[in-house]
Structures are given as C-alpha cells and as structure tokens.
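Structure record follows, encoded as structure tokens.
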C-alpha cells in the first residue's frame, strides 16, 4: 500500500493493531490534512485543521469510535493555525472523551501564550487565545540523553515517554516514543526548518511529514521560525533514518506519496535550499507588499498580453497581404492569448471573492503566484524574441521572478552600472530599429528562405514610440562635476524597459509630447517628465508595476501627476556618491 485511501479506516502496515483514517484535502493555505490514529482506547488526531466542515467530520469519526474510557490526543505536527486552529478552539470535541493537546515543547509554550506571530494567526487574521497544552514533547531535558519521562495528567492515563537520539555525519536526531496499545508505539522526531517546533511523526510504515515537503515554496519559506540550515539538516535526518522502501509519507497538504517520491523530494529541496537567497521574514508587512505587488502585476498582464496578441495579429495580417501565408500561419500558432485571458479572468473572480470577504489575503497572494507560474510555463518567450520587441518580452518574463522576490523579501539583483542618461533617453525614443537592416535584407535576397525570414523580422519590429515626441532640457543646480555627460547609477536594461512603460503610459493618457527636464545637483539627478497634449487624462494613474520597475532599476518615483504639478518626478543616484568599492560593470 503506497497510498492511503481518503476517509476510510485502514490498518497501518508494520503495526499490530493500529489504524489510520486520513482526511486528505486539496492543497490550501487555509486548512490542512488531518489523520486520525486508532489504537485500542487511544484516538490521536494529527493536525485537526482549520476548517469547520473538516472538524465536524473529525468529531463524527471520533464519536463513532469512542469507547469507555476514550483517550483523545490532539497532536500538533506544528503549531500553524491552518493545522491546529479548530483543535484549539472546538469545545464539542471535549465531550467525546478525555481530551488533551500534545506539541513540541517550544511550540507548546507559544500556544500557551496565545502567540499570534508564531502560529501565523496574524497572517490570516484569526484570533489566538492561550490554550492548555498538557503534553510537552521533546523538551530540552528530554534531549539530554536517552531515558524515560513519566507524565501524569489529571483525568488522563499516565504517559511514559521514551527519549532517544540517533547520529550521522555530525548531526544529532532527537526522537521520542509513546506506547499505544497492543505493543504499538508512535514516535515524534524534532525536524525544525519549516518552523522551530516542526515534528515528523512515525507509526509503523506511516510517516507524517507535515509541511516539510513545501518548506521551500514561495510564501512558505520565510514564515516565522523558518530556518534554511535547520531545514537542510532535517531533510537529511529524515532521509537517513526514517525513509525506507514501503514507507507511506503523509504530507500536511495533498496526497500521500511513497519512498521514491520522498527521495525525489529530498533531492529537489537540497537543490532549492542551496540556491535560495537570505530571506526576510514573511510577516504581515511582507504579506501586504506581496498582495499589492501581485495586483500590480495582474494589472500589468492585462495591459501587456493584449499588446502582444495585437502585434501578432497585425504581423500575421501584414504577412498575408504580402502573400506570405505560410509564415503567417506559423506565427499564429506560436502564441494564443485565450488561455492567458482565462487565467487573468479566473484571478479577477478570485479577487472579487476576496473583496466580498470570502477569501483571505494569503489566498490572493498564492493565487497570483499560481497564475504567474502558469503563464510563465506557457509563454513562448524564445519563439517570440525574433518577432516582438525585446523590451516587451523582458517585462513579461521578469514578472514572476520579481513577484517571487517580493514574497521572499529580496530586492531583485540588478546589473547596476554607470549609465549615461541622455543617451539612454535618446535610444529609447529612437526605438529598437527595424530588426533587419536594409543591407541584411538585400544580402538575403538570393536565398528565398532567408529572405522570407528576414522579411518577417523586418515587419515585426515596428517602432513602439512613433506617436510620441519629446523635448529634453538640462540644467545644473550647484552640483560638482557639472561638465560632461549626466551619469546615474542604474540597471540600464531595466531602466530602458521602464522608460518604454512610461511612453506607453503617456500614450494611454493621450499625451502628444513629453517635456523631459534633467537637473543635476548634490542630491543626485532629478528627472521631471511633463506630458503635454490637448486632452490629457490626468485621472489615469501611473501603474504600480512601472513604479516598482523604476525602483528596481535604480530610480525613485517621488511624485506622479499630483494636483498642482502635473508631471512625473524621478530621482537617481549619482555614481560619484556611491560608497568606495562599489563595483561598476561598465
């Protein structure tokens, strides 16, 4: 038996008379899997979860199995609210039998203190009242050496815990077992990393891994108590001491899996941990930033993908008019915008539910992440590079990595260097060029295939800014080094793409001209962009994604079309003001 059947009693392999009843849910951040273990008069519930419908089913199963006396132990694989909330607050459960809660010692203390931070209750907006935890597992005293500890709990059986340790490659693995009936035992192993108090639980050939399989996922990595080195040690301890052929792995979310899948999981997580940057804690502030960044990027996707689809349609139309039907047909198969449109519509419906109070902020962030991962998998960036301007493709492909950076609390690594600002502005407004020069087109004329490919590139690369003119003025304001080019410290490619986005914004608000003023002073270089036109739409805000892209590029948007100053103001650092030793990639 490599999989557990959902909501059915089944005997646990390699036990004398222990049975398991799993509640296996679709992966969700608002609830978890639950597993009921039956051994004689003992009923253990590993992770009661955080959804009322699941808690109702758990009560029904426990009631049907209750005997006199019934001993119920609610076990926290770890203390996050999606796993333990209803185990802490459900009072009806206590009527079924004598009921206690068990958790790793440090985690038990946080539950007793009602700590919202460590349980993650603050992230999902749930209350967290102090709870009585009768059974503290794997205490510091327990970890001092092998031996037994007797626990006397009023109204409950005396429990004897046996402490033991395993070692390999300089790592110590702390374990503890508790006897059940008919000679069976359940083991608790301290496996921190996902959280400080995370435990792996083993009975027979069933191993409950909790959220360890997901601990490197965006939005999971970085939660309070997350520790990269501790996680790596834990997965190695699990691999070396608990995984073997025939094992059934029970995750905190989703379907159970076998030994082969578990070993694949270990290898995957090893690789992810090695390349993972230092993460900021994923707290309420990070959640809010992630939410707004996700919404900005969805908004940006609603703008960019119709542009891509429109340009593809225009290109195919022009090719057909030139009698290049085959080339047009081939291009039409590269990118289909309908699946992307449907993904974005799905998110909009999801966000509407959030606005109506039916979804939580973490769910919205998770949904946005799912959307961008799916778009990234289906978006044919390499195929489109030859027929679409590179700035547009870069902005789409960067969307997922930038969103991940926000979730992780990491500023995207840019290629910052000394940039000559005036030449960059001139380059942006000149456009990318025709893609294929006149000379290249003439040289390809003797080879029909090469000529047709060149023609496709030539037609595809239309200038993106031909509707908007610009006027540039420069003044100095008491700054040193006033002579020579205007230099700033920026990621040149990102800044180029940011300026393209600013031009697109100008076209959306019906600007006909950009007046661009550059001021060089002691505080850096200030750039003021004033849109000019006869029917400007001031109400349309500069997209948040563009503001964020400018920041990642090295600029700071100080104001955007505010009343009384209808312009966009950006400030850049001067390379001369950077600390000594700052590497310059020019």
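The numbers here are math on the coordinates, done by the rules we state, and not lab data. Keep in mind it's a predicted model, so treat the numbers as computed, not measured. In this analysis, Cβ positions are derived from the backbone assuming ideal geometry, glycine residues included, and neighbour counts consider all displayed protein chains.
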Between 0 and 90 degrees, rounded to the nearest ten: what's the tilt of helix 228-241 against the longest Cα principal axis of the chain?
50
What does the highest-first list of 160-170, 105-115 look like by mean Cβ count within 10 Å?
105-115, 160-170
Let me see the P(r) profile for the stretch 54-143: every Cα-Cα distance counted, bins of 5 Å, each bin given as a percent of all pairs.
3, 14, 25, 22, 18, 12, 6, 1, 0
Rounded to whole Å and sorted largest first, what semi-axes of the equivalent ellipsoid does the C-alpha gyration tensor of the stretch 10-275 yield via the square root of 5 times each eigenvalue?
25, 21, 19
How big is the Rg/Rh ratio for the stretch 511-561, C-alpha atoms only, Rh by Kirkwood, two decimals?
1.00
Among the stretch 201-222, those whose backbone N falls under 16 Å of a label point 7 Å along Cα→Cβ from residue 272 are 209-222
Cα extents of the stretch 278-413 along the three principal axes, largest first (Å):
58, 36, 18
What translational D, rounded to a whole number of µm²/s, comes out for the chain from Stokes-Einstein when the hydrodynamic radius is the Kirkwood one over Cα pairs, at 10 °C and 1.306 mPa s?
57
Could you give the angle, 0 to 90 degrees to the nearest 10, between helix 337-355's Cα long axis and the longest principal axis of the Cα atoms of the chain?
60
Along the three principal axes, how long is the stretch 224-353 when you take its alpha carbons, biggest first, rounded to the nearest angstrom?
68, 39, 29
Counting C-alpha atoms alone, how compact is the stretch 371-410: give Rg to one decimal and Dmax as a whole number, in angstrom.
11.2, 35
Within the stretch 264-305, find all residues whose amide N lies under 18 Å from a label point positioned 7 Å from the Cα of residue 540 along Cα-to-beta-carbon.
296-305
Could you give the angle, 0 to 90 degrees to the nearest 10, between helix 544-553's Cα long axis and the longest principal axis of the Cα atoms of the chain?
80
Per DSSP H run of at least 4 residues, take -39500 (n - 2.57); add these up for the chain, divide by its residues and hand me the 222 nm value, nearest 500 deg cm²/dmol.
-12500 deg cm²/dmol
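For the stretch 490-576, just run the numbers: alpha carbon Rg, then divide by 2.2 N^0.38 Å, N being how many residues it has.
1.06
What does the C-alpha gyration tensor say about the overall shape of the stretch 184-239? Classify as rounded when a/c is under 1.5, otherwise prolate if a/b is larger than b/c, or oblate.
The shape class here is prolate.
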Over all Cα pairs of the stretch 135-179, the Kirkwood radius sets Rh, and Rg/Rh then becomes 1.06
Take peptides 259-270, 203-214, 352-363 and line them up by average Cβ neighbours within 10 Å, highest first, as a rough protection proxy.
203-214, 259-270, 352-363
Over all directions, average the projected area of the Cα convex hull of the stretch 63-211 and note it in nm².
10.0
Exposure proxy ranking, count of Cβ atoms within 10 Å, fewest first, for 390, 445
445, 390
Förster radius 35 Å - calculated FRET efficiency between residue 263 and residue 307 (Cβ-Cβ, nearest 0.05):
0.20
Relative contact order of the chain, pairs being alpha-carbon contacts under 8 Å that are 6 or more residues apart, as %:
9
For residue 423 and residue 5, what is the calculated FRET efficiency with R₀ set at 60 Å and r taken between the beta-carbons, to the nearest 0.05?
0.35
So for the pair residue 430, residue 522, with labels modelled 7 Å out along Cα→Cβ, what separation do we get in nm?
3.7
If the convex hull is drawn through the Cα atoms of the stretch 155-313, its volume per residue in Å³
188
Compactness of the stretch 133-238 as Cα Rg over 2.2 N^0.38 Å, two decimals:
1.14
Sticking with the crude label model, points 7 Å out along Cα→Cβ, report the distance from residue 171 to residue 401 in nm, one decimal please.
3.1
Label-to-label distance, nm, for residues given as residue 442 and residue 469 (7 Å Cα→Cβ offset)
3.2
